[in-house]
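The values are calculated or read from the model by the stated rules, or taken from the named source; none is laboratory data. These numbers come from a predicted model, not from an experiment. Counting neighbours? That spans all protein chains shown, and the Cβs are built from the backbone with ideal geometry, glycine included. Ligands, DNA and RNA are excluded from the accessible area calculation, which covers all protein heavy atoms including side chains. Shrake-Rupley method; radii C 1.70, N 1.55, O 1.52, S 1.80 Å.
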Amino acid sequence: MESVEEEREWEVEPIVYVNGVRRVLPDDSAHLTLLQYLRDTGLTGTKLGCGEGGCGACTVMVSFHDQHLKKSQHYAVNACLSPLYSVEGMHVITVEGLGNRQQGLHPVQESLANAHGSQCGYCTPGFIMSMYALLRSSKLRPSEEEIEESLAGNLCRCTGYRPIIDAFRVFAKSYDSLYTESSPKSLRSDTFVCPSSGKPCSCREIGTNNCEDSFSSISGNGKQYFSHNEIDGSSYSVNELIFPSELQLRKIMPLKLDGVGGIKWYRPIDLRHLLNLKSRYPDAKLVVGNTEVGIEMKLKNAQYKILIAATHVPELNTLKINNEGLEIGASVRLTELQQFLKLAISERKAHETSACKALLEQLKWFAGKQIKNVASVGGNICTASPISDLNPLWMASGATFQIINCEGTIRTVMSKNFFLGYRKVNLGKSEILLSVFLPWTRSFEFVKEFKQAHRRDDDIALVNSGMRVFLKENVDDYSVIDASIVFGGVGPVSLAASQTEAFLIGKVWNKKLLDDALHLLKDEISINADAPGGMIEFRKSLTLSFFFKFYLCVSDMIKESGSYGGNSLPMKYQSAIMPYYRPPSSGHQSYQSIKNGTAIGLSSVHLSAKLQVTGEAEYADDVPMPPHALHAALVLSTKAHARIISIDDSSAKSSQGYNGLFLSKDIPGCNRIGAILKDEDVFASEFVTCVGQIIGIVVADTHENARLAANKVHIEYDELPAVLSIQSAIQFGSYYPNSERCLVKGNVDLCFQSGACEKIIEGEVQVGGQEHFYLETNSTLVWTVDGGNEVHMISSTQNPRLHQESIAKVLNLPLSKVVCKTKRIGGGFGGKETRSVIIAAAACVPSYLLKRPVKITLDRDTDMMITGQRHSFLGKYKVGFTNSGMLMALDLQLFNNAGNSSDLSFSVLERAMFHSDNVYDIPNIRVLGNVCRTNFPSNTAFRGFGGPQGMLIAENWIQRVAMELHKIPEEIREINLQREGYESHYGQQLENCTLIKVWDELKESSQYLKVCEAVNIFNTQNRWKKRGISMIPTKFGISFTAKHMNQAGALVHVYLDGTVLVTHGGVEMGQGLHTKVAQVAASAFKIPLSSVFISETSTDKVPNASATAASASSDIYGGAVLDACEKIKSRMEPIASQKKYTSFSELVQACYMERIDLSAHGFYIIPDIGFDFKIGKGMPFNYYTYGAAFAEVEIDTLTGDFHTRMADIVMDLGHSINPAIDIGQIEGAFVQGMGWVALEEVKWGDEEHNWIKPGHLYTCGPGNYKLPSVNDIPLKFKVSLLKDVPNPRAIHSSKAVGEPPFFLSSAVLFAIKDAIIAARAEEGYKEWFPLDNPATPERIRMACVDDFTKPFASADYHPKLSI
């Protein structure tokens, strides 16, 4: 065998083309992914978001020449999972290969930039490349559905997706006539094209002082369609990169290449060669898409020395149709399988392709496009995942697997007999899977697929199933000849319900069969109480729900055959089997533009948009490594609470590239830091108080070597008792000292005793946490200057000042010698306000001691594990009210889960207490609060900063009040709304209150009464699908509640060419802060926005800046910049008054000649605010931002699946500085909030989840933690800004927008609850019930009590939640 290998001719010059440039690949990089290679070669536009193919930030397009079809194929892939050598002989196009600012933007790039589809910009290149790959691979222009489907594998945390969809929708084809319309080339160069409608818009024209704009992004002719190469006008001059001719003509040769750590990469080009390699290396891993092996090697530290790429073996790529069925090669990619199944369905008789249709439907929800483009049929089978979506269908369909050994002997195995145990299959070491044979189905043989996941699109299954039944037609009925019932997600392997299958055979297909089979299934499918994944009752109930749906589907198909009507379904049951179809989403935005000067009020595009869509925008991890720089990785605790016994780094020292381990003893200054209280160790020294606490830091020559070395540091612990929930903290009295807070209005006890309250309710509300999941993980590059006399850093942080302060403390340096700079960050949402600091503090120690630059960039799982989340809360309430629904008294206790350090938890609790009334007039209120100390990583700021938690608790008891009175919640809300002059429970009076106006406008805009009537009709006519609606108001106080933080500084320079450089203390993180501030400066000087530039945020330019947080940054930094501009203008005024200058630059030059100072420092403070908790009264907020949202949802009561049919939002944002940016913030906040209330469940190892190690985070990546995707946004998404409502308390009469809209997403939660109420009423349950957030499929389904849940849970069953 070895002689055969030695004689084989190998490829001696492995090559790849990248953006049209030929590159020879080195023979030492088998360990590298394509992403690592691209970024190491300077192509940093492709981002690392998660490292497991779950976010799409690393998407690139790969092209190869199909030898069989004789043409080039193009497809999107995740570069983070693609082995470098897997693209040998291919052409890789990254975002840099499309266009750039110098040569012009590609139409896809320009469309996204102009549509405001890029906020923080970190995910943007991935979206660009997904869309570009779709256009390049499509023979015809794609449909709108195909566009949305192509984006399902890309996540965005900022925009809410609507502007991205609108940007790319212009490339869709609907009607040929639309493509004959004029393109933007015919427009004047100064004509503004509305980003929402694609139409010219006069609101941007100079001289227009006031106009109202209402744009629909999809309705009627509000959309202009563009061909692939005309949207850009004339700026794009570079031709599309074509497939290199060398690669077309090149003969494909086998590969044999090496990598670090003894890894070897083989690529055989025929079956004989593959079998020879398998014989020689029986433990070798075969890879096609690397979607499983890559994750095992990265996240599970699996060591595979021999990797064999099975991609180029023709025998494994076969696709054949014959009279018996389909033959599918093991290396066939899932995208190819989809196309092949469509072909088979179109060519064969309908009754033959039932299994094909089931597979095709299951593949639709299998994964994102990037995964399906590379993942193979055989890989999915041989991985033997217990939640594989396809294996139950192979088994149910009677598919057979052809297996070949190294001698060439082929054997056939029934798919049902292939899976032996957890990830164990019927394959010998000398065997491989050759192909799959899928037989045609027969007349009256039906195959159906089922799947329920946390998220419908691009998600792993919780439970899935493949079911088949073959019926015999009798005179009066049908009897079962054969049946297969297979489930995934209920055991270590895909499980066939063999007892139920045997029972069905010979039985008549009728209601009795259904009842008996359900009874049998209930006992046959058993899941252990401590089974991985939890949700035991839910998963069991799904098995019954799926079979019930299968019975209904088959009965309906029998009816459609027209031969038998005995199984006709009640009309109310039809909705249970209607296939889910998601039409293209639509958006509508309505706002008023109030112009002021040259830029205020305009919907100007984000200043960095063009840099972001081209991949040229630079983030912390994109900064080139300086010479002699080192990479760092953290050594983390694996125990929730323990004493450190010993630390052994002997194994780490022998690691490749290792340069040192640094511990608490090595810190030159102080080991204790903190946001407010200095109660957090940089490096734990004696005790660890959570899993993920930093114990030390390892530095090495590469990121991967540092990570491997850190994993080799061995620590021995003596474990101690841990507090792992709020309930445990309350039980053991585990609170932070001096954390109790109290706010009182009126006399609560007297009100309850006086009889004024005709009804009183008491209860608890659990509020779940939320992971920030900014697309850019925490990253810092730190280096010394002048031999360690100074320390500089570039950090992805919202708070450069705190970085400066903490690093100075750790290194024992004065603040004046530490500089922190931030260009931009890829999302923050509060998560980088304080938690980024400790990571930079750890990295500064080796940098300072070694006098070498050190970079640390956290892997996604580490970032999620150690950096904290939105605080979970527990609220205990007692509410008194009248029979008419008027609120009289509220007694509320709030507890938040701080984690192992105080961080900002005190302030978060206070904000929750301030907002615990939401918008309701309550004469008597008492709110008590406590901060719980637990053994979890310290929780921290998150958009809303405790406000949403307080308001969500309020809306829970409001909804309960309504149920107690048999009224709709909207009636209770409306009669209790606060009005102008109302005094809050903390003593602040409402001024300029627009709450009633917002509420009334939303009722009209959403057509509330009409929709309510339609929902009631729908629910009457449908048993297993229910709709629900809700209207939720909000008011959010604007300012930091700590008075001293409400200050801002700025520095403005005017240069001789008339351009202006602005520096301020705020950080750009996608919210458009720099753009708004630049608009302020441009309007102040009456110059174009293009004349103003903002470079970066730096502590050596503007000192002592507050964190960019609390939604107040535009207010305070806009005020500071305006102050500086006014100072300069006042100096220029004497010169300007002497004559009329033709331009601003001419005036500037005249001032320069007169020695006028053209630089100024500006400063701004928010006046007249302050609050004292000692007396419980004051004015903590400068003003309030008001809003309200309406939502309509539809749920599947049998599975817990739901979708949002409509969301309508009305907000008072005063006179918006930039309406497009503000609307983008509203949409982004709403969708992020939808994640909090309906999708994103945080699961910790606690008392409720004993299948997770104590204190460990289970949801530490996109595989288990589900953000909303493009297919989760409302089908109709409408946003309106209230008109004619100037705000006298902020710059240019504007209002803050970042946090206030977030809570409005709770309308989705309460709409879901409204739908559940309708479902429960069908079973006679009409009393109140709790529904925690997030309202996951488990919580929805288990609340919809019916015959399929009752065997496993009572009607008041309460699914477990980590709080």
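Could you grab the pairs with beta carbons closer than 8 Å, sequence gap of 6+ or different chains, first residue in region 137-158 and open to solvent by 30 Å² or more (accessible area, probe 1.4 Å), second one of a type in the set (Phe, Trp, Tyr) and assigned to a helix (DSSP H, G or I)? Between residues of region 137-158 that are open to solvent by 30 Å² or more (accessible area, probe 1.4 Å) and residues that are of a type in the set (Phe, Trp, Tyr) and assigned to a helix (DSSP H, G or I), there is no close pair. For region 994-1010, the criterion of being open to solvent by 60 Å² or more (accessible area, probe 1.4 Å), among the polar types (S, T, N, Q) and within 28 Å of Lys1313 (Cα to Cα) is satisfied by at least one residue. Ile807 falls short on exactly one of the conditions (1) over 23 Å from the mean Cα position of the chain (by Cα); (2) in a strand (DSSP E or B); (3) buried (at least 24 other Cβ atoms within 10 Å of the Cβ), and that condition is (2). Checked against the criterion of being in contact with a helix residue (DSSP H, G or I) (Cβ under 7 Å, 6 or more places away or on another chain) and on the phi > 0 side of the Ramachandran plot, the candidates Gly601, Gly597, Gly669 yield just one match: Gly597.
Residues of region 742-790 that are β-branched (Val, Ile, Thr), open to solvent by less than 70 Å² (accessible area, probe 1.4 Å) and touching a residue at least 12 places away in the same chain (Cβ under 8 Å): Val744, Val748, Ile761, Val765, Val767, Thr777, Thr780, Val782, Thr784. Condition check: under 15 Å from Asn19 (Cα atoms) and surrounded by fewer than 24 Cβ atoms within 10 Å (Cβ to Cβ). Does His74 satisfy that? Yes.
Of the residues Thr1020, Thr1063, the single one that is part of a strand (DSSP E or B) and open to solvent by 10 Å² or more (accessible area, probe 1.4 Å) is Thr1063.
Matching residues to (1) in contact (Cβ under 8 Å) with a residue 60 or more places away in the chain; (2) out of contact with any Phe, Trp or Tyr (no Cβ under 9 Å at 6 or more places or on another chain); (3) assigned to a helix (DSSP H, G or I):
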site	(1), (2), (3)
Tyr986	yes, no, no
Cys993	yes, no, no
Val998	yes, no, yes
Arg1027	yes, no, no
Ser1030	yes, no, no
Pro1033	yes, no, no
His1044	no, yes, yes
Gly1070	yes, no, no
Val1080	yes, no, yes
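For (1) closer than 27 Å to Ser111 by Cβ; (2) open to solvent by less than 40 Å² (accessible area, probe 1.4 Å); (3) in contact with a strand residue (DSSP E or B) (Cβ under 8 Å, 6 or more places away or on another chain), each residue gets a yes or a no:
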{"site": "Gln592", "(1), (2), (3)": "yes, yes, yes"}
{"site": "Ser604", "(1), (2), (3)": "yes, yes, no"}
{"site": "Leu611", "(1), (2), (3)": "yes, no, no"}
{"site": "Glu618", "(1), (2), (3)": "yes, no, no"}
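Which residue is farthest from the chain's Cα centre (by Cα), if the candidates are limited to region 1130-1189 and must be open to solvent by 70 Å² or more (accessible area, probe 1.4 Å) and of a type in the set (A, V, I, L, M)? Top of the filtered list is Met1153. Within region 107-128, identify whether any single residue is open to solvent by 10 Å² or more (accessible area, probe 1.4 Å), more than 24 Å from His588 (Cβ to Cβ) and aliphatic (A, V, I, L, M), and answer yes or no. No, because not a single residue in region 107-128 is open to solvent by 10 Å² or more (accessible area, probe 1.4 Å), more than 24 Å from His588 (Cβ to Cβ) and aliphatic (A, V, I, L, M). One residue is enough: does region 1183-1190 have a residue meeting the conditions touching a residue at least 60 places away in the same chain (Cβ under 8 Å) and part of a loop (DSSP other than H, G, I, E, B)? Taking every residue of region 1183-1190 in turn, none turns out to be touching a residue at least 60 places away in the same chain (Cβ under 8 Å) and part of a loop (DSSP other than H, G, I, E, B). Annotation note: of Arg39, Arg22, the sole residue that is farther than 28 Å from Glu292 by Cβ, open to solvent by 30 Å² or more (accessible area, probe 1.4 Å) and either in contact with a Lys or Arg (Cβ under 7 Å, 6 or more places away or on another chain) or not in a loop (DSSP other than H, G, I, E, B) (or both) is Arg22.
Here is a yes/no grid of residues against (1) at pLDDT below 80; (2) part of a strand (DSSP E or B); (3) hydrophobic (A, V, I, L, M, F, W, C); (4) out of contact with any His (no Cβ under 8 Å at 6 or more places or on another chain):
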residue: Cys211; (1), (2), (3), (4): yes, yes, yes, yes
residue: Gly233; (1), (2), (3), (4): yes, no, no, yes
residue: Ser237; (1), (2), (3), (4): yes, no, no, yes
residue: Gln248; (1), (2), (3), (4): no, no, no, no
residue: Lys251; (1), (2), (3), (4): no, no, no, yes
residue: Gly261; (1), (2), (3), (4): no, no, no, no
residue: Lys278; (1), (2), (3), (4): no, no, no, yes
residue: Gly289; (1), (2), (3), (4): no, no, no, yes
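For Leu607, the conditions (1) in a loop (DSSP other than H, G, I, E, B); (2) at pLDDT below 95 are fulfilled apart from (2). Search region 42-67 for residues being of a type in the set (Gly, Ala, Ser) and within 22 Å of the chain's Cα centre (by Cα), and hand back the single one that is surrounded by the fewest Cβ atoms within 10 Å (Cβ to Cβ). Among those that are of a type in the set (Gly, Ala, Ser) and within 22 Å of the chain's Cα centre (by Cα), it is Gly51. The number of residues in region 148-167 being hydrophobic (A, V, I, L, M, F, W, C) and assigned to a helix (DSSP H, G or I) comes to 3. The set of residues from region 1273-1304 being open to solvent by less than 30 Å² (accessible area, probe 1.4 Å), of a type outside the set (A, V, I, L, M, F, W, C) and either out of contact with any Gly (no Cβ under 7 Å at 6 or more places or on another chain) or in a helix (DSSP H, G or I) (or both) comprises Pro1274, Ser1280, Gly1298, Pro1300, Pro1301.
The set of residues in region 881-940 being surrounded by fewer than 24 Cβ atoms within 10 Å (Cβ to Cβ) and either part of a loop (DSSP other than H, G, I, E, B) or without any contact (Cβ under 8 Å) to a residue 24 or more places away in the chain (or both) consists of Thr882, Asn883, Ser884, Gly885, Met886, Ser902, Asp921, Pro923. For Glu315, indicate whether it is within 28 Å of Met61 (Cα to Cα), at pLDDT 95 or above and open to solvent by 40 Å² or more (accessible area, probe 1.4 Å). Considered against the rule, which asks whether it is within 28 Å of Met61 (Cα to Cα), at pLDDT 95 or above and open to solvent by 40 Å² or more (accessible area, probe 1.4 Å), Glu315 comes out as yes. Applying the condition of being of a type outside the set (Val, Ile, Thr) and either over 12 Å from the mean Cα position of the chain (by Cα) or within 22 Å of Val1210 (Cα to Cα) (or both) to region 1257-1267 and asking which residue is surrounded by the fewest Cβ atoms within 10 Å (Cβ to Cβ) yields Tyr1258. I'd like to check something: does region 1327-1345 contain any residue that is open to solvent by 20 Å² or more (accessible area, probe 1.4 Å) and aliphatic (A, V, I, L, M)? Checked region 1327-1345: no residue is open to solvent by 20 Å² or more (accessible area, probe 1.4 Å) and aliphatic (A, V, I, L, M).
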